[in-house]
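Peer 1: Before anything else, here's the structure in question.
Every number in this text was worked out from the coordinates using simple rules, so none of it is lab data. Every value quoted in this text rests on a predicted model; they were computed, and no experiment measured them. Cβ placement follows ideal geometry from the backbone for every residue including glycine, while neighbour counts extend to all protein chains displayed.
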Amino acid sequence: MNSPGDSIDDIISLLNKHYHPITQQNQRHKPSIGSAMLPQIKQQINVLYAIPNTYNNNQDKYKRKAVSLNRQQQQKPQIKDTSSFLIPMTRCLTFKPYSGSTDIIINDVGYYYKFGSSPIKLVKGLLEENGFKESNDKNWTLYWSSCAIKSDVYTNLFAYQKVCHFPKSYEMTRKDLMHRNISKMQINNGFINFNFIPKTYILPAEMSYFLEEHEKIKNNNPIYICKPHASSQGKGIFITDKIQDILNKQNSNNSYVVSHYIDKPLLINNLKFDLRIYVAISCINPLRIYVYQDGLARFATEAYNSDNVKQNRFVHLTNYSVNKDSPNFVANQDPTLDYVGSKWSLLALREYLKLNKINEQQIFERIEDLIIKTIISVESAIFQACEMNVPFRSNCFSLFGFDVLVDSFLKPWLLEVNFSPSLNIDAPLDLKIKGEMLADLFTLIGIVPLDQRFSQDLSYVRNQSNYDSKKHQQEFEKYIIKETEEELKRSRGWKRLYPSDQSYRYTKYFESDRPLNALLRNYYK
Ligand code: ADP
């Protein structure tokens, strides 16, 4: 493995050695590295060792509640001696949060990013302040898109390249599909174990079932919330206790998701609120799930009252995009006062609940449980899509926004999972929370430094690798454990949910017990 002391010649010969196997594997033409590239590589190497240290040197500056909380709460794996492992690990880049500046001068050191959709200021600013430049070629390291990624992007990936979505994650993020997948889990694994989404019907397809079920409970005057199946930001949503309002929708061609309305939410200052929880999947095989310690609590802007549900969107919807237009909306201008206004930090909310003797720990344990179960409900679809389309286990990661409503019995309900959670910076609090979360995400996923891109043993990261001999199998298993442990060391504000010493509780919910999940489950037992 290279170290800052290696000579340029050593690095070039390593790059050449490892370039050609890749060309063969992926059937792509790549030139060999010759002396013509020397100045470029020299520059890359000089700056390379400057970048990863930026954050470390300023740790005090960026250290904050969430990170220390994470350190305390991080599951402690059993101490096992990994020092004898033969596999050298890659030293990955660390990122500092975006300052908010629009005046960034980038030193071109050879790291590039690309957007597959319109650029997002926070992503762009953060990457550029960390030395990345926008690519107009295929030489990018990181690909960010708020839309689904086309299959040809996946199939042509090198091992070091990272894209921000797994194929088929829409199975969890489309309202109708999420309900279908969780309902399937309820049927197969017991309703009680997956009872964290409001009962939902996809209309018009399930109209007769909906009417049958409504007939059984109509004397209780049920309230429904109706949402277009592929919409967001509260658009097109209405709440009603009149079945006729829903039947009238039949005439429109659009598909609607109709859910039971949770009419007894937990209130703070008499206002309804919901939680935006950031969740990351860093790897699908083995499955590794993280939750961010901070997030957002978003408040409605008019006092809650369930008597007249048609009354007002500012009472019943907690979307920022809805409430920012309310005359009562209070913007938070000071990120250190993260418990004032219509948007709080998740950490501030937890403090508030604790101070008010509400068992917030129980609420958040339940939230973590529902996150793991929701992801397991789509694990098989994503795993298979990756095996078919994505060359390396290291290529994909995902950031999801889980929207959770807590009711007055302290039960969390999953409302939806956002494919591309908003990274807009509408207030200083957004910059603080989302900026740190994103810097920690890019650190977590493990971006391989330039000089190590081709020094990895690719057989360990390739999808669909078969390990025939016992020796290879053992080396591979050591590699997976070390990869997982190294990632945990980079997790900062991210708390790992899966694998953990509790993994065995979830095994029965997987469609298949994958060997690498079993390996880590046994390792952390
Ligand atoms: P969108 O994707 O359009 O934002 P959501 O499913 O997030 O749609 O719903 C918008 C808002 O409506 C939520 O933030 C929440 O305040 C409220 N809401 C959604 N579903 C329910 C429900 N079943 N019970 C109570 N409130 C709900």
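Peer 1: Among residues other than Pro335 whose Cβ falls under 9 Å from its Cβ, what is the net charge (Lys/Arg +1, Asp/Glu -1)? Intermediate values should be presented prior to the final figure.
Peer 2: Working: positive: Lys432; negative: Asp334, Asp338, Asp430.
That works out to -2.
Peer 1: Specify the inter-centroid distance of the range 435-459 and the range 140-166, based on alpha-carbon positions, in whole Å.
Peer 2: Comparing the Cα centres of the range 435-459 and the range 140-166, I get a distance of 14 Å.
Peer 1: About its Cα centre, what dipole magnitude does the range 272-355 give when the only charges are +1 on Lys and Arg Cβ and -1 on Asp and Glu Cβ, stated in debye to the nearest 20? All intermediate terms of the calculation are to be shown ahead of the outcome.
Peer 2: Details: 10 positive and 8 negative charges, 49 e Å.
Dipole magnitude for the range 272-355 comes out near 240 debye.
Peer 1: Now for a different question. Please compare each pair in Lys199/Lys324; Lys133/Lys495; Lys235/Lys434 to a cut-off of 27 Å on the Cα-Cα distance and tell me which ones are over it.
Peer 2: On the way: Lys199/Lys324 29 Å; Lys133/Lys495 29 Å; Lys235/Lys434 24 Å.
Check vs 27 Å cut-off fails for Lys199/Lys324; Lys133/Lys495.
Peer 1: Which of Met207, Ile187, Ala159 sits farthest toward the positive end of the charge dipole of the range 138-282, with +1 on the Cβ of Lys and Arg and -1 on the Cβ of Asp and Glu?
Peer 2: Of the candidates, Ala159 comes out farthest on the positive side.
Peer 1: Among Phe442, Ser465, Leu431, whose Cα sits farthest toward the positive end of the charge dipole of the range 422-506 (+1 at Cβ of Lys/Arg, -1 at Cβ of Asp/Glu, about the Cα centre)?
Peer 2: Checked the options; the winner is Ser465.
Peer 1: A further question on this structure: Could you work out, for the range 255-303, what percent of all Cα-Cα pairs fall into each 10 Å distance bin, beginning at 0 Å and stopping at the bin that holds the largest distance?
Peer 2: Using 10 Å bins, I get a P(r) of 20, 29, 31, 18, 2 for the range 255-303.
Peer 1: Give the long-range amide H neighbours of Ser255: residues separated by 5 or more places, or on another chain, with amide H under 5 Å away, using H modelled in the peptide plane at 1.01 Å from N.
Peer 2: Under 5 Å from the amide H of Ser255: His229.
Peer 1: Continuing with the same structure: Which entries of Lys242/Lys272; Lys138/Lys227; Lys411/Lys482; Lys138/Lys373 show an alpha-carbon separation above 29 angstrom in the structure shown?
Peer 2: On the way: Lys242/Lys272 22 Å; Lys138/Lys227 39 Å; Lys411/Lys482 37 Å; Lys138/Lys373 36 Å.
Violating the 29 Å Cα-Cα cut-off are Lys138/Lys227; Lys411/Lys482; Lys138/Lys373.
Peer 1: Placing +1 at every Lys and Arg Cβ and -1 at every Asp and Glu Cβ, with all other atoms neutral, what dipole size does the range 374-525 have around its Cα centre, in debye to the nearest 20? List each step's numbers first, then the result.
Peer 2: Working: 20 positive and 21 negative charges, 96 e Å.
Dipole size: approximately 460 debye.
Peer 1: Sticking with this structure for a sec: Once amide H atoms are placed 1.01 Å from N in the peptide plane, what residues at a sequence separation of 5 or more from Lys162, or on another chain, have their amide H within under 5 Å of its amide H?
Peer 2: Leu142, Tyr143
Peer 1: Rg to Rh for the range 452-525: what is it, with Cα atoms only and Rh by Kirkwood?
Peer 2: Numbers: Rg = 13.8 Å, Rh = 13.9 Å.
Rounded to two decimals, Rg/Rh equals 0.99.
Peer 1: Taking every eigenvalue of the Cα gyration tensor of the range 193-304, multiplying by 5 and rooting it, what semi-axes result, largest first, whole Å?
Peer 2: Values: eigenvalues 168, 84, 43 Å².
Ellipsoid half-lengths, sorted descending, are 29, 21, 15 Å.
Peer 1: Which whole number in µm²/s is D for the range 334-378 by Stokes-Einstein, with the Kirkwood Rh taken over Cα pairs at 20 °C and 1.002 mPa s?
Peer 2: 178 µm²/s
Peer 1: Treating only the Cβ atoms of Lys and Arg (+1) and Asp and Glu (-1) as charged, compute the dipole magnitude of the range 409-456 about its Cα centre; round to the nearest 20 debye. Working shown, then result.
Peer 2: On the way: 4 positive and 6 negative charges, 24 e Å.
The dipole magnitude comes to about 120 debye.
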